[in-house]
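See structure below.
The values are calculated or read from the model by the stated rules, or taken from the named source; none is laboratory data. For clarity, every value in this text was computed on a predicted model and none was experimentally measured. Here the Cβ positions follow ideal geometry from the backbone for every residue, glycine too, while neighbour counts run over all protein chains shown. In case anyone asks, the SASA skips ligands and DNA or RNA and just uses the protein heavy atoms, side chains included. Shrake-Rupley method; radii C 1.70, N 1.55, O 1.52, S 1.80 Å.
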Amino acid sequence: MGTEKIEGICLDMSKVKEIHINSNTFTKMCRLRFLKFYSSIEGENKCKVSDFQGPGFAEVRYLHWHRYPLKSLPSNIQPEKLVLLEMPHSNIQQLWDGVQHHGKLKHIISVVCI
């Protein structure tokens, strides 16, 4: 589990054997503003994600997740706080439920549905 002092995470997924993320992973990260999961080398998706929710995404401004494995974003991501959303080669089919106010969101980059 994380800590409330964490404001950013940048992880090269090609350098980890496997990572499991669930609803408890970001629970205590109430100050998380920067989240980047990327891969410097093309390969299989090593990130195993179960459906996750929680307060950890409420303040996220920058979200980059290469090969995001789920079909939708966590419902607690607040699009009005996002500035950049980058989801290359993801499985995403729907960004948000219903109509959302995208106040500060300036760029959606490489959202590729597989």
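Does VAL83 count as open to solvent by less than 40 Å² (accessible area, probe 1.4 Å), modelled with pLDDT of 85 or more and over 23 Å from VAL16 (Cα atoms)? It is false that VAL83 is open to solvent by less than 40 Å² (accessible area, probe 1.4 Å), modelled with pLDDT of 85 or more and over 23 Å from VAL16 (Cα atoms). Residues in segment 5-21 that are small (Gly, Ala, Ser) and under 14 Å from TYR62 (Cβ atoms): GLY8 alone.
Within segment 5-29, the set of residues being open to solvent by 70 Å² or more (accessible area, probe 1.4 Å), out of contact with any Leu (no Cβ under 7 Å at 6 or more places or on another chain) and in a loop (DSSP other than H, G, I, E, B) comprises LYS5, LYS17, GLU18, ASN24, LYS28. With respect to the conditions (1) in contact with a helix residue (DSSP H, G or I) (Cβ under 9 Å, 6 or more places away or on another chain); (2) modelled with pLDDT of 85 or more, LEU73 lacks only one, and its number is (2). If we keep just the residues of segment 35-63 that are buried (at least 17 other Cβ atoms within 10 Å of the Cβ) and in contact with a Phe, Trp or Tyr (Cβ under 6 Å, 6 or more places away or on another chain), which is modelled with the highest pLDDT? For segment 35-63, the residue satisfying everything is PHE37.
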